[in-house]
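Novice: Would you mind keeping the following structure in view while I ask a few things?
The values are calculated or read from the model by the stated rules, or taken from the named source; none is laboratory data. These numbers were taken from a predicted model, which means no experiment stands behind them. Cβ placement follows ideal geometry from the backbone for every residue including glycine, while neighbour counts extend to all protein chains displayed. SASA here: full protein model, heavy atoms, side chains in, ligands and nucleic acids out. Shrake-Rupley method; radii C 1.70, N 1.55, O 1.52, S 1.80 Å.
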Amino acid sequence: MKMTEQFFTALRSLLTNRRRSILTVLGIVIGIASVITIISLGKGVEKATLKNLQASSSGKQSTVVDYYADDLNSTASGFEASDLALINASQASFGLVKADIVSDNDGSAESEASINGADQNVTVKLLKYPSSDLEILSGYNISKNNIMLADPVALISKKLATSFYSSVNQALDTSVTVNGISYQVIGIFKEDMELDDIAISKTVYERSNNGEAGNKLKLTFNRGENVSKQTKKIVSLLNKQGSHHLQGSYEHMDMGAILKGVGSVINGLTYFISAIAGISLFIAGIGVMNMMYISVSERTQEIGIRLAIGASPKSILLQFLLEAVLLTGMGGVLGFGIGCGLAWLISLFLPFRAVVGLESFILAFSVSAIVGIVFGIFPARQAAKKNLIDILK
Amino acid sequence: MIRLERLNKFYQQGDEKIHVLKDVSLQIQQGEFVAIMGPSGSGKSTLINIIGFLDHQFMGQYRFKGESMIDQSLSDYARLRNQNVGFVFQNFKLIANLSVAENVGLPLLYAGHRRKNIADQVNDVLSSVNLQGVGAKLPMQLSGGQQQRVAIARALITRPSFLLADEPTGALDSHTSQEILKLFIDLNHKSRSTIIMVTHDFQVARLSQRIIRILDGRIESDRSVDQ
């Protein structure tokens, strides 16, 4: 019999016994669906982490070196122009594209400010976007336009305003100098939990910083560079010769290592759930085997008839094996679909999207087909070995 | 066409070895209509199982169209059955969940034809047994006589060398039996089909040309029927 005809013959038999086929395949569907769900979510996490940690939209990778002063109250910046010169002197050997000193980019910085003629150490909130968190008591908030145009405007806290001026309103439209740049005070805000004193545009602040002082050094590397190794080299250079190496230490948080850690946790989880799914597939496989044995004994007459009119034992074996493989294969495809849907649904509630790849589909299909072959071969062999004369008696 | 020489067959039943066929020698020519008669247990079923390539375990020689059947493999036997024998059984042996047309076409599929190319052949053979327009029905929707005619159509579709009918009228009433036997006679006369029919009913057997009687594994008599 031609292979395509074998295929249709097997499909027909399965469809004749639709309910039984569906119930048998349920275990496969659940097993495959759970594996696909976890793999898709795992891949989603991996992709999201990679994206977040490396910020490599242009393909370049970057790392950050922090300076921590030994004296916690010191406001001195750990990086100066001399440090840049030191690093840039051997830029090529590090595979560096550029090194930039940046202010603390967690949104706030410690700085000296001059208000109403008096100097004061203040915490500066650096705004990349207009902040809606600040409660404006008087004046205006910093607008999107202000930030886009890099206007030197500032908001100051009510506490700061009242300690330098007799009233809140008197502080409006005065100027405050931060890091050598004079900002116009356009609004007064109520102190929040972060205890910021002044809020200004980050762009303007960085300009004032002029790339010359700060506690963070952003290193941008060429694509393909061993980022964590090179960063380590730079850190040890800084700790020996850096401008403030006597007053503090330069440290690098190795994001590559963290990423690896996160990845291995996800991998572990994937293996764990795959193992559970493997057990469920095994049990489902036994279910398929059981159903095929029942089918073979129920269809003894059919087997006899087929053999009598010219089916070879081999084609009987193939028919029953194909039935098992088709059954599990369809279960695999169905499970893949459900798994994708489930992963998508779950990722709606998570901060990342599930990633489904072709290899997931191939995995689902091949695993289920293999289950079909492994658990279908014994019943199929039994069918092919039936004694024709006994059946036809 | 069929030539059996000193055929012997033993069954193992428990510790006992049963000698079912004893030195059976027999020749059947192309175009003959032969009835094999005998009481149950006489060995006639065993004999036709060997003739019909269902049973390959025997002693002696079986030559089919001059070729020895000893040393043929199991898949050779499957091919021989498919191409040379049309089986008609007492209880029809149609596959219940396949339509009439699918049942009839099945031997062609095993012969390597494609499903979509056999519809005409199936219709032709169905009309040759007077069963037009039932192809889409399931066997259970037909009467016994119709089912047996479906089985005959299935037996005829590969244009086999001979038909092997094992009690073809055993499950049918006398009127339907007559129809089926008339069909056999027509096939034998018009298409020169070779028919080997097993029966225990002399009224059926006497419609053939030659009656072979078997008793206790031996051929008791082998003579032509006087028309």
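Novice: List the residues whose amide H sits under 5 Å from the amide H of B:THR194, counting only those 5 or more places along or on another chain, with H placed 1.01 Å from N in the peptide plane.
Specialist: Result for B:THR194 returns B:GLY31, B:LEU163.
Novice: Evaluate peptide A:311-320: per residue, the Cβ atoms of other protein chains within 10 Å of its Cβ; return the mean as an integer. Write out the running numbers ahead of the final one.
Specialist: Values: counts 7, 10, 4, 3, 4, 1, 0, 0, 0, 0.
Mean partner-chain Cβ count within 10 Å for A:311-320: 3.
Novice: Related question: Taking the Cβ of A:VAL176 as the centre, find all other residues whose Cβ is under 12 Å away and add up their charges (Lys, Arg: +1; Asp, Glu: -1). Could you put the intermediate results ahead of the total?
Specialist: Details: positive: none; negative: A:GLU112, A:ASP119, A:ASP173, A:ASP197.
Net charge around A:VAL176: -4.
Novice: Over the whole of A:298-309, what's the average partner chain Cβ count within 10 Å per residue? Rounded to a whole number, please. Please report the intermediate quantities before stating the final value.
Specialist: Details: counts 0, 3, 0, 5, 6, 1, 3, 11, 6, 6, 12, 19.
The shielding value for this peptide is 6.
Novice: Count, for each residue of B:54-61, the Cβ atoms from other chains sitting within 10 Å of its Cβ, then give me the mean as a whole number.
Specialist: Numbers: counts 7, 3, 2, 1, 0, 0, 0, 0.
If you average over the peptide's residues, the count of other-chain Cβ atoms is 2.
Novice: Counting alpha carbon pairs within less than 8 Å and at least 6 residues apart, what relative contact order, in whole percent, applies to chain A?
Specialist: Values: 648 pairs, mean separation 114.3, N = 393.
Once divided by the residue count of chain A, the mean separation gives 29 percent.
Novice: List the extent of the Cα atoms of the stretch B:55-94 along each of their three principal axes, largest first, rounded to whole Å.
Specialist: 31, 19, 18
Novice: Under a point-charge model restricted to the Cβ atoms of Lys and Arg (+1) and Asp and Glu (-1), what is the dipole moment magnitude of the protein assembly as shown relative to its Cα centre, in debye to the nearest 20? Intermediate values should be presented prior to the final figure.
Specialist: Values: 60 positive and 54 negative charges, 751 e Å.
The calculation lands at about 3600 debye.
Novice: Would you mind computing, in nm to one decimal, how far apart the modelled labels at A:GLU251 and A:ARG19 are, each placed 7 Å from Cα along Cα→Cβ?
Specialist: The answer from the label model is 6.8 nm.
Novice: Then there's this: From the phi of every residue in the stretch A:321-338, what ³J(HN,Hα) in whole Hz does the Karplus formula 6.51 cos²θ - 1.76 cosθ + 1.60 yield, where θ is phi - 60° and glycine or proline is x?
Specialist: 5, 4, 4, 5, 5, 4, 4, 6, x, 5, x, x, 5, 4, x, 4, x, 5
Novice: Note down the Stokes-Einstein diffusion coefficient of the stretch B:93-227 in µm²/s, whole number, using a Kirkwood radius over alpha carbon pairs, 20 °C, and 1.002 mPa s.
Specialist: Details: Rh = 15.9 Å.
Calculated translational D: 135 µm²/s.
Novice: Nothing charged except the Cβ atoms of Lys and Arg (+1) and of Asp and Glu (-1): what's the magnitude of the dipole of the stretch B:97-227 about its Cα centre? Round to the nearest 20 debye. Walk me through the intermediate numbers first.
Specialist: On the way: 15 positive and 13 negative charges, 97 e Å.
Dipole magnitude for the stretch B:97-227 comes out near 460 debye.
Novice: How big is the stretch A:327-382 in terms of Cα radius of gyration and Dmax, in angstroms?
Specialist: Taking only Cα atoms of the stretch A:327-382, I get Rg and Dmax of 14.7, 53 Å.
Novice: OK, next. If I fit a long axis through the Cα atoms of helix B:144-156 and take the longest principal axis of the Cα atoms of chain B, what angle between them do I get, 0 to 90°, rounded to 10?
Specialist: 80 degrees
Novice: Which of the aspartates and glutamates could a cross-linker span from A:LYS240 if the Cα-Cα distance has to be under 17 Å and same-chain partners fewer than 8 positions apart are dropped?
Specialist: A:ASP66, A:ASP70, A:GLU80, A:ASP83, A:GLU251
Novice: First obtain the Kirkwood hydrodynamic radius of the stretch B:1-138 from its Cα pairs, then insert it into the Stokes-Einstein equation at 37 °C and 0.692 mPa s, and state the resulting D in µm² per second as a whole number. Before the final figure, lay out the partial values.
Specialist: Details: Rh = 17.4 Å.
Stokes-Einstein gives a translational diffusion coefficient of 189 µm²/s.
Novice: To continue, here is another question. Going down the list A:LYS125/A:LYS158; B:LYS22/B:LYS44; B:LYS9/B:LYS44; B:LYS44/B:LYS190, which pairs span over 20 Å between their C-alpha atoms?
Specialist: Details: A:LYS125/A:LYS158 14 Å; B:LYS22/B:LYS44 12 Å; B:LYS9/B:LYS44 12 Å; B:LYS44/B:LYS190 28 Å.
Beyond 20 Å: B:LYS44/B:LYS190.
Novice: A further question on this structure: Hey, any idea what % of the protein assembly as shown's accessible area is carbon plus sulfur with a 1.4 Å probe?
Specialist: On the way: 16690 of 30510 Å².
Within the protein assembly as shown, the accessible surface is 55 percent carbon and sulfur.
Novice: In square nanometres, what is the average projected area of the Cα convex hull of the stretch A:221-322?
Specialist: Details: hull surface 49.6 nm².
Averaging across all directions leaves 12.4 nm² for the Cα convex hull.
Novice: Name the lysines eligible as straight-distance cross-link partners of A:LYS43: C-alpha to C-alpha under 16 Å, and not fewer than 8 places from it in the same chain.
Specialist: Partners within reach: A:LYS51, A:LYS260.
Novice: As a test of understanding, state the convex hull volume per residue of the stretch A:298-393 from its alpha carbons, in Å³.
Specialist: Values: hull volume 9.2 nm³, N = 96.
For the stretch A:298-393, the hull spanned by Cα atoms encloses 96 Å³ per residue.
Novice: Right, something else. Provide the packing ranking of B:60-73, B:203-216, B:155-168, A:148-161, i.e. peptides ordered by the mean count of other C-beta atoms within 10 Å per residue, highest first.
Specialist: Numbers: B:60-73: 13.1, B:203-216: 18.4, B:155-168: 22.4, A:148-161: 20.6.
Highest to lowest by the protection proxy: B:155-168, A:148-161, B:203-216, B:60-73.
Novice: So what is the relative contact order of the stretch B:19-118, in percent, for Cα pairs below 8 Å that sit 6 or more residues apart? Intermediate results must be reported in sequence, preceding the final value.
Specialist: Details: 42 pairs, mean separation 17.3, N = 100.
The normalised contact order for the stretch B:19-118 reaches 17 percent.
Novice: Distance cut-off 19 Å, Cα to Cα: go down the list A:LYS98/A:LYS144; A:LYS47/A:LYS202; A:LYS98/A:LYS232 and report the pairs above it. Don't skip to the answer; put the middle values down first.
Specialist: Values: A:LYS98/A:LYS144 29 Å; A:LYS47/A:LYS202 29 Å; A:LYS98/A:LYS232 16 Å.
Distance filter (> 19 Å) returns A:LYS98/A:LYS144; A:LYS47/A:LYS202.
Novice: Follow-up. With everything on Cα atoms, drop me the angle between helix A:255-298 and the longest principal axis of chain A, reported from 0 to 90° to the nearest 10.
Specialist: Its long axis makes an angle of about 20 degrees.
Novice: At a Cα cut-off below 20 Å, give the lysines reachable from A:LYS386, other chains included and same-chain residues fewer than 8 away excluded.
Specialist: Qualifying lysines at Cα under 20 Å: A:LYS314, B:LYS93.
Novice: Put +1 on the Cβ of every Lys and Arg and -1 on every Asp and Glu Cβ in the protein assembly as shown; which of B:TYR11, A:GLN382, B:GLY66 then has its Cα farthest towards the positive end of the dipole?
Specialist: B:GLY66
Novice: Take the Cβ-Cβ distance between B:ASP23 and A:ILE276 as r, set R0 to 51 Å, and report the resulting FRET efficiency rounded to the nearest 0.05. Show your work: numbers first, answer last.
Specialist: Values: r = 67 Å, r/R0 = 1.32.
Rounded to the nearest 0.05, the efficiency is 0.15.
Novice: For the stretch B:124-167 and the stretch A:339-379, what is the separation of their Cα centres, given in Å?
Specialist: 47 Å
Novice: Pairing the Cα long axis of helix A:18-54 with the longest principal axis of chain A, what angle in degrees results, from 0 to 90 and rounded to the nearest 10?
Specialist: Between helix and principal axis, roughly 20 degrees.
Novice: Now, a different point. May I ask you to give the average projected area over all directions of the convex hull of the Cα atoms of the protein assembly as shown, in nm² rounded to one decimal? Intermediate results must be reported in sequence, preceding the final value.
Specialist: Numbers: hull surface 179.1 nm².
Taking the Cα atoms of the protein assembly as shown, their convex hull projects to 44.8 nm² on average.
Novice: Once phi is turned into θ = phi - 60°, what whole-Hz ³J(HN,Hα) does the Karplus curve with 6.51, -1.76 and 1.60 give for every residue of the stretch A:385-390, x standing for Gly and Pro?
Specialist: 8, 4, 7, 4, 5, 5
Novice: Here's a follow-up. How large is ³J(HN,Hα) for each residue in the stretch B:51-59, as worked out from phi by the Karplus curve 6.51 cos²θ - 1.76 cosθ + 1.60 (θ = phi - 60°), to whole Hz, x for Gly and Pro?
Specialist: With coefficients 6.51, -1.76 and 1.60, one gets 4, x, 6, 8, 10, 10, 9, 7, 10 Hz.
Novice: Then there is this: Relative contact order of chain B, please, whole-number percent, based on alpha carbon pairs below 8 angstrom and at least 6 residues apart. Please list the in-between numbers first.
Specialist: Working: 438 pairs, mean separation 66.3, N = 227.
Relative contact order of chain B: 29 percent.
Novice: So what are the radius of gyration and Dmax for the Cα set of the stretch B:93-146, in Å?
Specialist: Spelled out, the Cα radius of gyration and Dmax of the stretch B:93-146 are 10.7, 31 Å.
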